[in-house]
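First comes the structure, then the notes that go with it.
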Amino acid sequence: MGLHLHEGGDDLQENHEINVTPFIDVMLVLLIIFMVAAPLATVDVKIDLPASTAQPTPRPDKPVYLSIKADTSLYLDDQQIDPSQLGAALDKLTGADKDKTIFVRGDKGVDYADLMQVMDGLRGAGYLKIGLVGLETVGTR
């Protein structure tokens, strides 16, 4: 039997290789998470929005959209709601936070009286911060 005694010197060899396998694993997991989450962040109610040349304001983290289609049906985010249940549906979605801005998306074909009726419903429910959404256009009027 042979016996090898370590001399006590610090003669560790340097390793110049980078192990990229954990980095690739993390990147693939993040890619899958973003692929699954991206479709959930959009509103799927098709509305023909009017155009505006105003300077856009920054978007909040989790906006609440109230959409009014041409046939005056109301949608809160992607769910159709009864106009008489507007306040209760908003309270449920916002956690009764009356300071939350409600973004109203109205179709071009909606009458002004119908739009005002919806805005009166928002005011009656206690939501006073209302933003109107339109399409951005390039150029001047």
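Regarding Ala70, is this residue assigned to a loop (DSSP other than H, G, I, E, B), at pLDDT 80 or above and of a type in the set (A, V, I, L, M)? So that I can check it myself, show each step before the final result.
Values: assigned to a loop (DSSP other than H, G, I, E, B): yes; at pLDDT 80 or above: yes; of a type in the set (A, V, I, L, M): yes.
Yes, satisfied.
Within the set of pairs 6 or more residues apart or between chains, which connect a residue that is in contact (Cβ under 8 Å) with a residue 60 or more places away in the chain inside region 95-118 to a residue that is hydroxyl-bearing (Ser, Thr, Tyr) with Cβ atoms less than 7 Å apart?
Every condition considered, the pairs that remain are Arg105/Tyr65; Arg105/Ser67.
Specify the residue that is nearest to Tyr65 (Cα to Cα); the eligible residues are those in region 84-141 that are of a type in the set (Phe, Trp, Tyr) and not in a loop (DSSP other than H, G, I, E, B). Full working, then the answer.
Residues of region 84-141 that are of a type in the set (Phe, Trp, Tyr), as a first pass: 103, 112, 127.
Remaining after also requiring not in a loop (DSSP other than H, G, I, E, B): 103, 112.
Working: Phe103: 5, Tyr112: 19 Å.
Among those residues, the one meeting the criterion is Phe103.
Name the single residue, out of those in region 41-61 being surrounded by 10 or more Cβ atoms within 10 Å (Cβ to Cβ) and either within 12 Å of the chain's Cα centre (by Cα) or of a type in the set (Ser, Thr, Tyr) (or both), that is modelled with the lowest pLDDT.
Applying the filter and picking the extreme gives Val43.
Yes/no matrix, rows are residues, columns are (1) surrounded by 10 or more Cβ atoms within 10 Å (Cβ to Cβ); (2) at pLDDT below 85; (3) within 30 Å of Asp61 (Cα to Cα); (4) out of contact with any strand residue (DSSP E or B) (no Cβ under 9 Å at 6 or more places or on another chain):
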position: Gly2; (1), (2), (3), (4): no, yes, no, yes
position: Gly8; (1), (2), (3), (4): no, yes, no, yes
position: Gln13; (1), (2), (3), (4): no, yes, no, yes
position: Glu17; (1), (2), (3), (4): no, yes, no, yes
position: Phe23; (1), (2), (3), (4): yes, no, yes, yes
position: Leu28; (1), (2), (3), (4): yes, no, yes, yes
position: Leu31; (1), (2), (3), (4): yes, no, yes, yes
position: Met35; (1), (2), (3), (4): no, no, yes, yes
position: Pro39; (1), (2), (3), (4): no, yes, yes, yes
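For region 73-95, give me the residue count where each residue is under 13 Å from Gly124 (Cβ atoms) and within 21 Å of the chain's Cα centre (by Cα).
Of region 73-95, the ones under 13 Å from Gly124 (Cβ atoms) are 83-88, 90-91.
Still in the list and also within 21 Å of the chain's Cα centre (by Cα): 86, 90-91.
Going through region 73-95 one residue at a time, the tally reaches 3.
Please go through (1) in contact with a strand residue (DSSP E or B) (Cβ under 6 Å, 6 or more places away or on another chain); (2) not in a loop (DSSP other than H, G, I, E, B) for Gln80 and return the number of the only condition it doesn't satisfy.
Exception for Gln80: condition (1).
Just give me the residues in region 78-96 being among the acidic types (Asp, Glu) and modelled with pLDDT of 85 or more, in sequence order.
Our first condition is that a residue be among the acidic types (Asp, Glu); within region 78-96, this holds for 78, 82, 91.
Passing the criteria: Asp82, Asp91.
The values are calculated or read from the model by the stated rules, or taken from the named source; none is laboratory data. Source: prediction; values computed, not measured. Every residue, glycine as well, gets a Cβ built from its backbone with ideal geometry; the counts of neighbours run over all protein chains shown.
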